[in-house]
1. On the basis of being assigned to a loop (DSSP other than H, G, I, E, B) and within 28 Å of residue 167 (Cβ to Cβ), does residue 115 make the cut?
2. Of everything in the range 375-414, what is in contact with a helix residue (DSSP H, G or I) (Cβ under 7 Å, 6 or more places away or on another chain), farther than 20 Å from residue 349 by Cβ and either in contact (Cβ under 8 Å) with a residue 40 or more places away in the chain or surrounded by fewer than 15 Cβ atoms within 10 Å (Cβ to Cβ) (or both)? Give them in sequence order.
3. Looking at 20, 50, 28, which is the one that is surrounded by 16 or more Cβ atoms within 10 Å (Cβ to Cβ) and modelled with pLDDT under 50?
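The values are calculated or read from the model by the stated rules, or taken from the named source; none is laboratory data. On a predicted model such as this, the values are computed, not experimentally measured, just so you know. Cβ: placed from backbone, ideal geometry, glycine included. Neighbour counts: every protein chain shown.
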Amino acid sequence: MTGAGRAAVVALAAAAALAAAAARPATAQPAPGGDYDPGSRTWNGLSTLARLADGVGLDVLVVSSLEWSDLDDTDILLLLYPQQVVDPGKVAAFVNAGGHVVIADDFGASADAMQRLGLLRAEVGVAQARRYHQDRTWAPIADVVARHPITAGVDEVVCNHPSVLTQVHGADTLVGFSGGDAVVVAGTRGTGRYVVVSDPSIFINRMMQFDGNLTLTVNLLRWLDRGGRADRLVLLVGDVPMYGEPRPFIDDAGASSFDRKIHDMNHWLGQWNDWLLQGAAMKAIGIVLAVLLIAAMVVALPFWRRHQADGRWLRLERPPRKDDLERAVAAADAGSDNFAVAATVLRDLATLALARVTGRPDPLFTVAEPELVALVAAARGRAAGDAVARVYRRLRALPSRTQAAAPWSGAHLSRREFDRLHDDVMDLHRALAASAPSAVWAPGPDAAPPQKA
């Protein structure tokens, strides 16, 4: 190959490399040994945080670009000192849909996202704390101000050049300074949870040497792990681009396992919906569907007739009513314990007797109880009025005879309740001095239907 040819090849390779680099999202992997490097064991690294996450069952995934739609109910998102603007609308939508997120940032680009969550971050020279670690003003000690699962077993948190949250709305202040400024807050929004920490350096290796900082971190991860269902800590550090939109539904703490399986299936189908078939694949699927359709037609529409088509299958076959004599006897023989239909017969007899005494049509449903008792007592004596009072509400509570006898009716009255009602209605008939049968027949295990004269 000539010198000019080699030069051309080198130039083309360089151009291709530049194009590929431009097409990739900007990398955000922390520099080895630099601030917030998860693999670093130096004082400013995050190796202790990574080991803690592994201890509670979380795999740490450091991303060089974040696609919001990739986050699901198995993820906890940790935004640690982001240097690209965090879209407040997407953070709010993520949490509302059931996402769990930690925003740990003092001087980064998440102020707008914090404000969307009801928090106002401020940079201070010296935090107004009651105490400072070794009297160093850049290491103020924050106190626990509220009991919460995140602060269980924590008395104090040592900070390192922190910013503060001067206003907190819609969240709980958990850790803060004596002047009222907050350092750690937690809240719920929609079906999701969020934690905001105004000093991300409490997560570095050197600060994890303080017992309060270490315990707080463990509690925080456990509060966000959805009872052990989360298995990944998605870590975004520094200059990392964010793309896309959060899923419209991620999780609901009150959902059952079946609801979650349905959601997962819907998400899987949605992913397949984005798959574009090629022509050959579409033809193959069309052929398979056509074969299945023809097979279904052969099974459902046979080419021979075993019986003459007379439209019999269109007839509406109504089941017999429950007050049908033969069906009532059969039910009694089978040991049925439902006497709702028989009770409605009692109610109809009592209604006729009361109508004759009071002169009112359908008195059980047109006359109030006190008035009906007074009318009967005036016409037949106090004993008759007392008998009405004993049965009035029970008779009114019964369904109509048509409703009780309907095949689909759910009305039910036990034999014991029916016997009590039967005795009280018979007492009412005797008190009214009305002609009433000595007994009202109702189907029972040992009963037989009345004989025709």
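1. Values: assigned to a loop (DSSP other than H, G, I, E, B): no; within 28 Å of residue 167 (Cβ to Cβ): yes.
Answer is no for this residue.
2. 409, 412
3. On the way: 20 fails: surrounded by 16 or more Cβ atoms within 10 Å (Cβ to Cβ); 50 fails: modelled with pLDDT under 50.
None of the other options fit; the residue is 28.
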